[in-house]
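What follows is one structure encoded as structure tokens, with my remarks underneath.
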Amino acid sequence: MPAYLTRHATADGPRWALDGYYLPADFRLGAWLARPLDEAYAWLAAQPLGDAADAPLLAPIEDAQEAWASGVTYLSSRMAREAESQSADVYQKVYGAERPELFFKANGWRVRGHGQPIRIRADSGWNVPEPELVLLLDATGAIRGHAVGNDVSSRSIEGENPLYLPQAKVYDGACAIGPGIALGRADELRDLPVTLRIERAGAAVFAGETRTSQIKRGLEELAGFLFRELAFPQGAFLFTGTGIVPGEDFTLQAGDVVRIGIGGLALENPVS
């Protein structure tokens, strides 16, 4: 089975690559995700490969696709949201509820890739990265792979009122996915190491780690709720929540560099 998809900024426009070599120029991830699972991988393996993919990386998501996110799926996230919020009980309830918290994060064209700058809101004094496992879901909601995600968040805005969640989560430069997509099954994702390191002026100012096994909900469960009453004919990307939350004494600053590792993938973004 093919291992790794990346998307590159070539002189002729965005171009996908498989295991480091360019796929045909007309390859589209959304069209591949629309193919039935039992034929999709054989079809992909049969595609002719071109030159080595050496152009800069783009976010591995197409403009018409969507990124969605899950909230409060780790105990540490629930506790942090309770501490910051004036309405702490909503986070207690959703953590234990049957229905998970799901919210829209970004259109594909808004997503930043590896090496591209993320942003913090000018009207928020408390901003943090959120390192998350991102699922690649096909048109039926089945998991076909994963990437690394940064769900950049304005904690002061969400903490003021949970109804401000879209403003805290959805703005220019608030979503990063990369560096590419590791194709594979859900079973391969259940206990991956997750690391976060934030550097300022060349020195670490925060570091943390967790594992995807600490996610309270099943990965298929999260995907199932997303697809329950919503169609994604070109597939979708789903953030699965964060288990690393910097304390109340930390906020991102312009010039910081955020490095997130999940399994063998690493996403790095400067803060502008």
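The values are calculated or read from the model by the stated rules, or taken from the named source; none is laboratory data. Since we're looking at a predicted model, the values are computed, not measured. FYI the Cβ positions are ideal-geometry reconstructions off the backbone, even for glycines, and counts take in every protein chain you see. Ligands, DNA and RNA are stripped out before the accessible areas are found, and what is left, the full protein with its side chains, is counted by its heavy atoms. Shrake-Rupley method; radii C 1.70, N 1.55, O 1.52, S 1.80 Å.
Between Leu230 and Glu98, what FRET efficiency comes out of the Förster formula 1/(1 + (r/R0)^6) with R0 = 22 Å and r the beta carbon distance, rounded to 0.05? The computed FRET efficiency comes out at 0.80. By accessible area, using a 1.4 Å probe on protein heavy atoms only, the stretch 87-198 has 51% of its surface on carbon and sulfur. Quick one: in the chain, what % of C-alpha pairs are over 22 Å apart? Here the long-distance tail beyond 22 Å is 54 percent of all Cα pairs in the chain.
For the stretch 176-227, the direction-averaged projected area of the alpha-carbon convex hull comes to 5.2 nm².
Rounded to the nearest Hz, the phi-derived 3J(HN,Hα) couplings of the stretch 107-117 under the Karplus curve 6.51 cos²θ - 1.76 cosθ + 1.60 (θ = phi - 60°) are 5, x, 5, 8, 7, 8, x, 4, x, 8, x, where x marks glycine and proline.
Descending by average beta-carbon neighbour count within 10 Å, the peptides 145-156, 20-31, 168-179 line up as 145-156, 168-179, 20-31, the highest first.
As a calculated quantity, the FRET efficiency between Ala31 and Asp89 at R0 = 30 Å, using C-beta atoms, amounts to about 0.10.
Contact order for the chain, expressed relative to its length and based on alpha carbon pairs under 8 Å spaced 6+ residues apart, stands at 24 percent.
Peptide packing for 120-129, 94-103 was compared via the average number of neighbouring C-beta atoms within 10 Å per residue; ordered from the highest value, the list is 120-129, 94-103. Backbone geometry of the stretch 147-158 corresponds, through the Karplus equation with coefficients 6.51, -1.76 and 1.60 at θ = phi - 60°, to 3J(HN,Hα) couplings of 9, 9, x, 10, 8, 4, 9, 9, 5, 5, 6, 5 Hz, x marking Gly and Pro. Of the GluC sites (Glu not before Pro) found in the stretch 187-272, those that fall in a DSSP loop while having at most 16 other beta-carbon atoms within 10 Å are Glu229, Glu248. Shape annotation for the stretch 143-185: C-alpha extents along the principal axes are 39, 19, 11 Å, from largest to smallest. What FRET efficiency do you get for Ser272 and Ala203 if R0 is 25 Å and r is their Cβ-Cβ distance, rounded to the nearest 0.05? My answer for the efficiency is 0.80. Based on the reciprocal of the average 1/r between different C-alpha atoms, the Kirkwood radius for the stretch 172-272 equals 15.5 Å. Accessible area per residue, 1.4 Å probe, Å², for the chain: what's the number? Normalised by residue count, the accessible surface of the chain is 42 Å².
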